[in-house]
Amino acid sequence: MTILQILEFPDPRLRKMAAPVTVFDAKLEVLINDMLETMYEALGIGLAATQVNVHKRLLVLDISEEKDSPQVFINPTYEVIEDELTEYDEGCLSVPGFYETVARPSAVRVTAVDKQGESFQLEADGILSTCIQHEIDHLDGKLFVDYLSALKRQRIRSKLEKDHKKSA
């Protein structure tokens, strides 16, 4: 397996809309495995294909403590089933070192396809609901910093740009 490079904010490629996955083949399986390996290596709980510069509607998650329960969502969509908002301190592998409180609907119903091409639905709440919404945002070119004030977003952007210049 390969550890993939994770794009970091404000990289414009993070704003690209992901296209639906239409081919379920060995290449897709390799990408899924590489994404899982990359997510685990980066100590994340979710990773969207957009974050590794693959603009396909694919995301992987593992919210288990033991990191032994990977989930794969291909062409995911969701509908809100609980309007009440829940706040979580969200972080993002594409916005390293920053955690900010974001309010999202507390429960969603997700429709997606698994890696065999089979459709499934699940109802999610708590951290799973938040993580799914966060990763689907990536597929739509949106980042959690977009939920913050313009001032906070600019401070984060400036800090990351400064860090990128130092490491270049």
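FYI, it's all coordinate maths here, none of it is from the lab. As the structure is a prediction and not an experimental result, all values here were calculated from the model. Here Cβ is always computed from backbone atoms with ideal geometry, including for glycine, and neighbour counts include all displayed protein chains.
Descriptive notes on the structure:
- Exceeding the 31 Å Cα-Cα cut-off - candidates K115/K165; K27/K152; K115/K162; K115/K142; K115/K159; K16/K166: K115/K165; K27/K152; K115/K162; K115/K159
- Spin-label proximity, D163 to segment 1-41 - amide N less than 15 Å from point 7 Å beyond Cα toward beta carbon: 6-11
- With eigenvalues of the C-alpha gyration tensor scaled by 5 and rooted, the chain, Å: 24, 20, 14
- With eigenvalues of the C-alpha gyration tensor scaled by 5 and rooted, segment 30-82, Å: 18, 16, 9
- Positive-pole candidate from A103, S129, V52, dipole of the chain, charges at beta carbon: V52
- C-alpha center-to-center spacing [segment 89-168, segment 26-83] in angstrom: 12 Å
- At least 18 Å along the helix axis (C-alpha) and Kyte average at least 0.0, DSSP helices within the chain: 26-41, 126-139
- Per-peptide packing, taken as the mean over residues of other Cβ atoms within 10 Å, places 114-126, 74-86 in the sequence 74-86, 114-126 from highest down.
- When only alpha carbons of segment 94-168 are considered, Rg and Dmax amount to 15.8, 46 Å.
- Applying 1/(1 + (r/R0)^6) with r as the Cβ-Cβ distance of Q116 and L151 and R0 = 45 angstrom yields a FRET efficiency of 0.45.
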